[in-house]
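For reference, the structure is listed below as structure tokens.
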Amino acid sequence: MPAAQSPHSGAPASGGAPVLGPPGQSPPGRDGPAEPVPGPGRTGPAPGKVVLEEAEIGRALTRVAHEIIERTRGAADVILLGIPTRGVPLARRLAERIGQVESRQVPCGSLDITMYRDDLRLRPARALGHTEVPREGIDGRIVVLVDDVLYSGRTVRAALDALNELGRPRAVQLAVLVDRGHRELPVRADYVGKNLPTSQQELVRVLLSEIDGEDAVCLGAAHGAAGRTQ
Amino acid sequence: MNRHLISSADLTRADAVRILDTADELARISDRPIKKLPTLRGRTVVNLFYEDSTRTRISFEAAAKRLSADVINFSAKGSSVAKGESLKDTALTLEAMGADAVVIRHSASGAPHRLAEWVRGSVLNAGDGSHEHPTQALLDAFTIRRRFGRDSGSAAAAESGGGLDGLRVTIVGDILHSRVARSNVWLLHTLGADVTLVAPPTLLPLAVGTWPCSVSYDLDAALPKSDVVMMLRVQRERMSAAYFPSVREYSRRYGLDAARVAQLPERAIVMHPGPMNRGVEIAAGVADSPRSTVVEQVANGVSVRMAVLYLLLGGAEERA
């Protein structure tokens with residue numbers, strides 16, 4: 001089974017040392033704790049070329065927010081669910097922007113997909129992220145999943161499974177900040193902040209001020225084995 | 001930490017906090033209409049119970065099933081054990097059936113340790129003799145964390161790093177025969193709590209001086225300085241000698257009644273691992289009071305055992 005996890009959110013978002021697994025291995029993957037824990041990849045040299053700067057990220061999110069309003073005819077039934085780690089602040093930012101335009105609160109939460117991944121058996125047990133569904137629930141709503149990078153599509157598949165157990169949305173859509181290509185599953189994003197052609201050897205890192213202290217999308221060479229396990 | 005959970009003394013603080021944080025997330029799933037996760041699909045968990053148990057066995061079974069594992073229940077009664085099969089032969093049978101985890105309860109201290117040498121899967125100690133019962137200690141720590149608002153995500157957790165630093169826990173009763181007490185002393189100490197044991201001298205183990213806790217014979221002196229009081233069951237089935245003159249005298253000196261509860265600080269909680277002897281170590285009114293966490297402890301047991309099963313079995317097979 002090929003790896004599901006992309007190195008996209010940067011190098012291993014380090015979930016801390018595996019508790020009961022073999023010692024000394026940091027589980028690569030995106031579902032580490034929300035705080036920036038220095039992991040093997042994170043402590044490396046400069047994260048490579050900056051492809052999106054703070055202002056560009058802001059503009060992309062504003063455009064995506066407007067697209068969501070347009071496509072959902074005013075975003076009346078929309079619930080934004082961010083996929084931890086970096087999908088969560090992105091969902092919050094989108095909700096804020098939609099809320100400004102429509103002058104009302106847009107429900108926003110998080111959806112942890114760790115227990116639904118298809119590559120759990122390939123890595124030591126990961127720390128769980130946080131699932132927080134708005135009180136209204138998702139039944140009959142339009143759920144917009146929000147993630148930082150779309151890569152293999154496996155994260156989204158896992159998210160669809162996780163959603164299934166929470167209720168039955170009227171529709172599910174996908175918004176990502178960066179689409180870097182190389183899909184392994186028939187998955188397509190409805191809203192894309194930026195299409196970023198990459199090679200599979202490259203690493204896309206999304207930095208967000210809520211977690212990393214700054215906003216940027218960087219493209220760099222992969223750090224050895226960190227990243228894909230193919 | 002290895003792939004087994006045999007003693008809570010083996011857990012580092014980081015291990016313990018990780019289990020409790022994971023349990024916090026898993027506890028939310030119990031509030032959902034669909035309580036099942038696909039995570040351990042295709043894995044087999046064997047409950048190997050040589051001793052009677054209701055809540056621990058059911059709790060492990062519920063935990064494994066919520067994670068979609070296949071569960072095989074084995075109790076010594078009505079099995080080949082009654083025909084004289086040894087633990088090792090039973091272990092080899094389970095091994096041949098492809099058990100990924102064996103949850104064992106045994107009357108002999110050290111049985112899980114031996115079992116871990118014979119099987120390839122993970123061994124989870126669900127109570128061995130008067131030695132350890134690590135998942136009980138974890139669920140007790142989990143319950144304390146929640147009651148004092150230190151669970152993951154809370155402001156206090158950010159300050160204390162998810163531990164129980166500064167909390168004063170008093171464990172009262174039959175320490176000598178209690179695997180719950182031993183596991184709790186180690187785990188609560190690891191998590192930063194100050195543990196005091198209170199018992200008649202006859203019900204304290206000889207080696208208690210080497211445990212990371214203080215010891216007292218006077219319950220009334222300890223209560224005003226306790227944030228948590230954990231009452232232990234008087235284990236009549238393990239008592240081969242006269243450890244105290246009479247049940248009534250024990251109850252008068254070491255039982256928790258309403259008058260004693262009144263001496264506790266305002267926020268203090270009362271715990272009991274169950275099954276309770278109402279009227280002996282704990283008065284019925286105290287067991288049913290809002291301070292009591294007895295029912296919560298049972299509910300939390302499932303979340304904590306899910307966390308342990310997930311962390312032991314959910315990841316990669318051990319790499320050589």
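Laid out as a table, the results:
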{"read-out": "Yes/no for B:G314 being within 14 Å of chain A (Cβ to nearest Cβ) and either closer than 30 Å to A:L128 by Cβ or loosely packed, with under 14 Cβ neighbours inside 10 Å (or both)", "value": "yes"}
{"read-out": "Qualifying residues in region B:55-67 (those that are of a type outside the set (A, V, I, L, M) and touching a residue at least 40 places away in the same chain (Cβ under 8 Å)) - the one nearest to B:K36 (Cα to Cα)", "value": "B:R66"}
{"read-out": "Only listed residue being surrounded by fewer than 20 Cβ atoms within 10 Å (Cβ to Cβ), within 15 Å of A:L208 (Cβ to Cβ), away from chain B (no Cβ under 14 Å) and at pLDDT 95 or above, chosen from A:E67, A:E56", "value": "A:E56"}
{"read-out": "Tally, over region A:118-160, of residues that are touching a Ser or Thr at 6+ places or on another chain (Cβ under 6 Å), in a loop (DSSP other than H, G, I, E, B) and more than 13 Å from chain B (Cβ to nearest Cβ)", "value": "2"}
{"read-out": "Output for region B:120-148, where each listed residue is farther than 18 Å from B:G314 by Cα and in a loop (DSSP other than H, G, I, E, B)", "value": "B:G129, B:S130, B:H131, B:H133, B:F148"}
{"read-out": "Identity of the residue in region B:112-133, surrounded by 24 or more Cβ atoms within 10 Å (Cβ to Cβ) and more than 17 Å from B:V71 (Cβ to Cβ), that ends up nearest to the chain's Cα centre (by Cα)", "value": "B:H133"}
{"read-out": "Qualifying position, being modelled with pLDDT under 90, on the phi > 0 side of the Ramachandran plot and not assigned by TED's automatic domain parsing to the domain that holds B:V234, among B:G153, B:G161, B:G78", "value": "B:G78"}
{"read-out": "Flag if B:V294 is closer than 21 Å to B:S30 by Cα, crowded, with 24+ Cβ neighbours inside 10 Å and away from every other protein chain (no Cβ under 12 Å)", "value": "no"}
{"read-out": "Failed criterion for B:G274 (all others in (1) more than 14 Å from every other protein chain (Cβ to nearest Cβ); (2) without any contact (Cβ under 8 Å) to a residue 24 or more places away in the chain hold)", "value": "(2)"}
{"read-out": "Among the residues listed as B:L48, B:L37, the single one being at pLDDT below 95, more than 9 Å from every other protein chain (Cβ to nearest Cβ) and surrounded by 19 or more Cβ atoms within 10 Å (Cβ to Cβ)", "value": "B:L48"}
{"read-out": "Every residue from region B:10-27 that is facing chain A (nearest Cβ under 9 Å) and among the charged types (D, E, K, R)", "value": "B:D15, B:R18, B:D21, B:D24, B:E25"}
{"read-out": "Single residue of B:S30, B:S7, B:S75, B:S53 found to be within 14 Å of chain A (Cβ to nearest Cβ), touching a strand residue (DSSP E or B) at 6+ places or on another chain (Cβ under 9 Å) and more than 12 Å from B:L309 (Cα to Cα)", "value": "B:S7"}
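The values are calculated or read from the model by the stated rules, or taken from the named source; none is laboratory data. Remember, predicted model here, so these are calculated numbers, not experimental data. Backbone-built Cβ (ideal geometry, glycine too); neighbour counts: all protein chains shown.
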